[in-house]
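Encoded as structure tokens, the structure appears first; notes follow it.
Where a number appears in this text, it was derived from the coordinates with a stated rule and is not lab data. Nothing here was measured: the structure is a model prediction, and the numbers come from that model. So basically every Cβ, Gly included, is an ideal-geometry build from the backbone, and we count neighbours across all protein chains shown.
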Amino acid sequence: MDKPTTNETWPDERGRFGDYGGRFVAETLMPPILELEAAYAEAKVDPAFQAELDYFMTHYVGRPSPLYFAERLTEHAAKETGSAAKIYFKRDELNHTGAHKINNCMGQLLLAKRMGKKRIIAETGAGQHGVATATVAARLGMECIVYMGATDIVRQKPNVFRMRLLGAEVRAVHSGTATLKDAMNEALRDWVTNVAETFYCIGTVAGPHPYPVMVRDFQAVIGHEAKAQIMEAEGRLPDALVACIGGGSNAMGLFHAFVPDTNVRLIGVEAAGRGVKSGLHAASLTGGTPGILHGNRTYLLQDENGQIADAHSISAGLDYPGIGPEHAWLHDKGRAEYVSATDDEALEHFQLCAKLEGILPALEPSHAIPRTLDIAKELGSDGLIIMNMCGRGDKDVFTIADALGEDIAAGTDG
Amino acid sequence: MSTRIEQIFAKGRPAFVAYIMGGDPDLATAQDVMNALPGAGVDIIELGFPFTDPMADGPVIEDAGIRARKAGTTLASVIGMARTFRETDQSTPIILMGYANPVYHMGYEAFSELASKAGVDGAIIVDLPPEEDGPLREAMDSKGMSLIRLATPTTDAKRLPKVVSGSSGFVYYVSMNGVTGGALASGGSVREQVARVKHASKLPVVVGFGVRTPERAAEIARDADGVVVGTAIVQALHQDGKDAALALVRSLSDATHTAK
Ligand SMILES: Cc1ncc(COP(=O)(O)O)c(C=O)c1O
């Protein structure tokens, strides 16, 4: 794989992307974090580790994922304005387990194996990271415990059952808002208690260094593939990349290879819930301020006293009051743009994508579709866009039925 | 001129350190309890300030923080408790304890200014390890306050000297891996662990996490310069009220003071 060299030095040795990132954890966790950093640095340059990872990525995960021209969505965008940019989907929803999350799990759990750790813990929101972790743990013969907010357990039922089928133990978290951030608190508590034997597999580009850079590196395969694929299909780089943002891993994975290509616009779409002005949203960059949470300094939703505010999104995977530190840095530098989409927009475009493209997108990338259409119209017919279709929507059908007022559970358990 | 903290350890007997959550269940009640602690034998007060995401705390202290926040408690109002306390007590050290974000949000300089004016002696910030505590340490240093560091069982021999060298006032040894109120103390000796820390630092070493009973407090006080109890006191206050909590504090401090 040809990797650009200019952006391989981020972050600095303290895990800082400019002012963001770092290692804000209790002393108990500092030694294991330093151990992880050293183990990852070794593995990263070990051809045997890379070969094993490549093997699993090809034969188990199913990479490379296709780059697909979404022709009917492009036509739809062109209908209103007369011309629209060509929209491509990077089809990471076709990976084993149905989302980009497994790219990272594959990398981290092979690293855990190398470090001799057999007890894996993870936090999950939508359940996709939990399912991916449970899957790889099963394959590698490891014990797996997944922390999940009680609210998310209700709205992502199919994934909870899948994790159990895969042999993982799902532990419900009732504290706080009982969503992703609380699951992360609980996972950190587990780690602090069982530190010697446990490997904490974080699901996004957040947390203490080295997680943001390590998860980015494991997800960067998305952008490296996309770059080669668009060159082959169109003979040039795209004008814009669009991806939804929870913690920011699918977005960083797509963006990373293109960061040095300053003519390529990088556009992240945060969850605006019921509207950024309503206060009920999960748009940390659009509506937040810098602070310290979960091991890193980054943009957070918080009140005037530094208490973390509740995030709101119809999508469990985006329902998080923070964002990875590299995004905070790209935002401040002006290298990436961050916009948002509401619950209603996501629901509407979920349905549009299903009917026009025959793809049920997850609720998370459903947020990226409306902004992709906007940019397609803005660029006109000479333009070229890649949107990360980072997950499939099977897990969301109950939530969507509920939002549309349909009772699809009737007759199955009643 | 010696600091309030130094004067406590100069007494030559093990110190008893009590943790309460500021503003739990409300500011007035917490103030009453705080003001009564020295009379129940407390040498140093650790005054918690609440945070929404207390990653190193168990359910008892997390719930105390939730009650405090419901009552409107903020970092500034907890510092206000210290100020009120200082009106009647000039000798008992007050150490603020909590998480980084409320302090960061207030601003390290502004925090140090406000806290030192209120008569606060130091702070323990759980999620600021040595790698990240430089800016706050400088701000607090310039106001004559101590930033107290934590050493833990995972702090290995290579790391320990670096951890303790930047501490001031005392070193807080967390005697087990886990969250506050987690496992009951195993009952084993902490002598070797305390000796390990003392070998690396001249500062007094206080030991906390998992201490709930006078017997266990006495056992630890035989080997350490001080004992910290938090969860048991917070729980007694919540379940049985102020008098019961103070009675527990009295029994813990007596056991600590007479251990050697
Ligand atoms: C399909 C999908 N997309 C996106 C996300 C959000 O995470 P990130 O921003 O790290 O890609 C999730 C999280 O669960 C997800 O399942």
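Hey, which of these cross-link pairs are over 29 Å Cα-Cα: A:Lys113/B:Lys198; B:Lys162/B:Lys242; A:Lys118/B:Lys162; A:Lys79/A:Lys101; A:Lys277/B:Lys70? Before the final figure, lay out the partial values.
Details: A:Lys113/B:Lys198 37 Å; B:Lys162/B:Lys242 40 Å; A:Lys118/B:Lys162 31 Å; A:Lys79/A:Lys101 34 Å; A:Lys277/B:Lys70 24 Å.
Those over the limit are A:Lys113/B:Lys198; B:Lys162/B:Lys242; A:Lys118/B:Lys162; A:Lys79/A:Lys101.
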### Task
Report, ordered by chain and residue number, the aspartates and glutamates lying within cross-link reach of B:Lys117, taken as a straight Cα distance under 13 Å and ignoring same-chain residues fewer than 8 apart.
B:Glu87, B:Glu109
### Task
Give me the distance between the Cα centres of the stretch A:364-394 and the stretch B:75-99, rounded to whole Å.
54 Å
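What is the dipole size for the stretch B:24-163, taken about its Cα centre, with +1 at each Lys and Arg Cβ and -1 at each Asp and Glu Cβ, in debye to the nearest 20? Walk me through the intermediate numbers first.
Working: 12 positive and 21 negative charges, 32 e Å.
Charge dipole of the stretch B:24-163: 160 debye, to the nearest 20.
In the calculated pair distance distribution of the protein assembly as shown, what percentage of Cα-Cα distances lie above 49 Å? If you can, show how the numbers build up before the last one.
Values: 39815 of 226801 pairs.
I get 18 percent for the Cα pairs in the protein assembly as shown exceeding 49 Å.
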### Task
Hand me the trypsin sites (Lys or Arg not before Pro) from the stretch A:6-114 located in a DSSP loop with no more than 15 other Cβ atoms within 10 Å, in residue order please.
A:Arg14
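If you filter the stretch B:40-121 for GluC sites (Glu not before Pro), then keep DSSP loop positions with at most 12 other Cβ within 10 Å, what is left?
Numbers: sites: B:Glu46, B:Glu62, B:Glu87, B:Glu109, B:Glu113; in loops: B:Glu87.
Listed in order of number, the matching sites are B:Glu87.
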### Message
If I stretch the segment between A:Asp407 and A:Arg236 completely, what's the gain in nm (0.36 nm per residue apart, minus their alpha carbon distance), one decimal?
### Response
56.9 nm
### Query
Taking each residue of B:95-102 in turn, how many C-beta atoms of other protein chains fall within 10 Å of its C-beta, and what is the average?
4
### Task
Could you tell me what fraction of 2.2 N^0.38 Å the Cα radius of gyration of the stretch A:19-98 comes to, as a two-decimal ratio?
1.81
### Message
Suppose each label sits 7 Å from its Cα in the direction of the beta carbon; what would the B:Gln7-B:Ser189 distance come out to in nanometres?
### Response
3.5 nm
### Query
Quick one: if you stick a label point 7 Å off each Cα along the C-beta vector at A:Ala41 and A:Glu80, how many nm between them?
5.0 nm
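Using the 10 angstrom Cβ neighbour count as an exposure proxy, how do A:His100, A:His281, A:His349, B:His257 rank, fewest first? Intermediate results must be reported in sequence, preceding the final value.
Working: A:His100 32, A:His281 28, A:His349 23, B:His257 19.
Arranged by neighbour count, lowest to highest, A:His100, A:His281, A:His349, B:His257 become B:His257, A:His349, A:His281, A:His100.
Hey, fewest Cβ within 10 Å first, where do A:Ile400, A:Ile292 land in order?
A:Ile400, A:Ile292
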## Note on the structure
Checked the stretch A:303-373 with the C-alpha gyration tensor, a ≥ b ≥ c its square-rooted eigenvalues, rounded below a/c of 1.5, otherwise prolate if a/b is larger than b/c and oblate if not; verdict oblate
### Query
Which of the trypsin sites (Lys or Arg not before Pro) found in the stretch A:243-334 are in a DSSP loop and have at most 13 neighbouring Cβ atoms, other than their own, within 10 Å?
none
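What's the exposure ranking of A:Glu348, A:Glu406, B:Glu192, going from fewest to most Cβ atoms within 10 Å? Kindly include the intermediate steps, with their values, before the conclusion.
Values: A:Glu348 15, A:Glu406 12, B:Glu192 9.
The order, fewest Cβ neighbours first, is B:Glu192, A:Glu406, A:Glu348.
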### Task
Once you have a ≥ b ≥ c as the square roots of the Cα gyration tensor eigenvalues for chain B, tell me rounded if a/c is under 1.5, and otherwise prolate or oblate according to whether a/b is larger than b/c.
rounded
### Message
Please report the antiparallel percentage of the DSSP beta bridges confined to chain A, to the nearest 5.
### Response
30 percent
